[in-house]
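Scroll down for the structure; my scribbles are underneath it.
The values are calculated or read from the model by the stated rules, or taken from the named source; none is laboratory data. Source: prediction; values computed, not measured. Note that each Cβ is placed from the backbone with ideal geometry, even for glycine, and that neighbours are counted across all protein chains shown.
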Ligand SMILES: [Zn+2]
């Protein structure tokens, strides 16, 4: 991964070009230029993870920063205030569309270049990794003439890619499609895209009010962040428009609750919601070096409990020349909820959360955990990736969630972090690294001390103990 540049011989202009093109070809999403005391460090983010890329001596640092500022249209004499810029160019046959940010830190200016990559957004809804069942639900919800469709997930989970893919499918000559975004990430021909500008008062809410006077069919709102926007979105959808937006929540149930917290009236929300697509991105197994391995006891129980399947073998990874660490690219894991009358009535009536949860997950919704584990079975990703991404306590299918989370603390994976001194469950030593492969995984797996009555147990709790216990309670 590390690159050496001969700064004595190669002009800084060429070094900067080479870094941008090379990072883009490697599939990086961001390039970081970190000012340190001794030198400037360059890192690139690939599949969500930062890697060291190169070091720049302090004697070159100033020229390199100046060069980036010039080509991204920044003021090179300003170094005390943050600046934003952009680069659009074709270099060495590679199309580059870059957003550049510069901020002053106590060590000097730090630059981050975001590499925008539309290849996924342009490839179509069918390539986004939806299961067959979820794909059908998505097609059904986007075929409605009005209502709200929400794509939810944390930052960097591919929400924009999903929204842009859907927009392109809806972009026909029969439809007036208008968006209000912050920022406009990708220009789509035939769609009217509005960039918000809060400095002059062009907010999501003000733009939306005007859009409604523009005879729209389909409205895309970059993100629902506040009550005002949420309310206008709901109003727009019940007056005959299809509204597409994103919201920063992690699953269907939390999304409904967030909107209710935003003081959207229950009956309006109930009649306007058409569908919720929640997603996370997992690293995809490299097809060149993935190999099958026997499932360990914990994995067997996980598949049995969550999917009701007996699984003896799953894919794992060793890493090869092609991929380095065993993964190449990423795959989306989804939870797709298509609203039915029963769920609408329940929301309208203000039903209790646990009752609503039962209704939602009885309507044929696969949770993120279920979809993720299915993708493990398909050899697309690993159990480690799925567990790392999906906090088990967020998995909403009833009391199982609690059992799974607590049961984790009693497997060999985390036995060093629990206070339990009893014999650990039988598990071969060499299987351990396959589960906890990196520190971030470890962090997710560290379970807080079990509650009091658990500590009085003189043997490790099994998954079944916990499921039984939590169902009885
Ligand atoms: Zn590989």
In the stretch 282-304, residues that are within 16 Å of the ligand (Cβ to nearest atom) and more than 30 Å from residue 141 (Cα to Cα) total 9
Condition set in contact (Cβ under 8 Å) with a residue 40 or more places away in the chain and assigned to a strand (DSSP E or B), scope the stretch 305-324, selection nearest to the ligand (Cβ to nearest atom): answer is 317
Per the list (1) crowded, with 17+ Cβ neighbours inside 10 Å; (2) not in a helix (DSSP H, G or I), residue check on residue 61 breaks on (2)
When (1) without any contact (Cβ under 8 Å) to a residue 60 or more places away in the chain; (2) farther than 24 Å from residue 232 by Cα are applied to residue 371, the one that fails is (1)
Quick count over the stretch 70-108, residues being touching a helix residue (DSSP H, G or I) at 6+ places or on another chain (Cβ under 8 Å), free of Cβ contacts under 8 Å to residues at least 24 places away in the same chain and assigned to a loop (DSSP other than H, G, I, E, B), is 2
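Report whether or not residue 375 is within 16 Å of the ligand (Cβ to nearest atom), touching a strand residue (DSSP E or B) at 6+ places or on another chain (Cβ under 8 Å) and closer than 28 Å to residue 162 by Cα. Quick ask: steps written out before the conclusion?
Working: within 16 Å of the ligand (Cβ to nearest atom): no; touching a strand residue (DSSP E or B) at 6+ places or on another chain (Cβ under 8 Å): yes; closer than 28 Å to residue 162 by Cα: yes.
Against the criterion (within 16 Å of the ligand (Cβ to nearest atom), touching a strand residue (DSSP E or B) at 6+ places or on another chain (Cβ under 8 Å) and closer than 28 Å to residue 162 by Cα), residue 375 does not qualify.
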- Is one or more of the residues making up the stretch 125-146 in contact with a helix residue (DSSP H, G or I) (Cβ under 6 Å, 6 or more places away or on another chain), buried (at least 19 other Cβ atoms within 10 Å of the Cβ) and part of a strand (DSSP E or B)? no
Subset of the stretch 121-133, residues under 24 Å from residue 185 (Cβ atoms) and more than 16 Å from the chain's Cα centre (by Cα), comes to 122, 123, 124, 125, 126, 127
Those residues of the stretch 184-211 which are out of contact with any strand residue (DSSP E or B) (no Cβ under 8 Å at 6 or more places or on another chain), under 21 Å from residue 230 (Cα atoms) and in a loop (DSSP other than H, G, I, E, B) amount to 201, 203
Of the candidates 16, 56, the one satisfying the condition of being outside any strand (DSSP E or B), within 25 Å of residue 324 (Cβ to Cβ) and at pLDDT 95 or above is 16
| Can you spot a residue in the stretch 285-302 that is surrounded by 17 or more Cβ atoms within 10 Å (Cβ to Cβ), under 23 Å from the mean Cα position of the chain (by Cα) and part of a loop (DSSP other than H, G, I, E, B)? | yes
The residue from 367, 317 that alone is more than 19 Å from residue 274 (Cβ to Cβ), touching a strand residue (DSSP E or B) at 6+ places or on another chain (Cβ under 9 Å) and modelled with pLDDT under 90 is 317
Checked the stretch 325-345 for anything more than 27 Å from residue 125 (Cβ to Cβ) and within 16 Å of the ligand (Cβ to nearest atom); matches are 325, 326
Looking across the stretch 325-351 at residues that are in contact with a strand residue (DSSP E or B) (Cβ under 9 Å, 6 or more places away or on another chain) and part of a loop (DSSP other than H, G, I, E, B), the single one that is modelled with the lowest pLDDT is 325
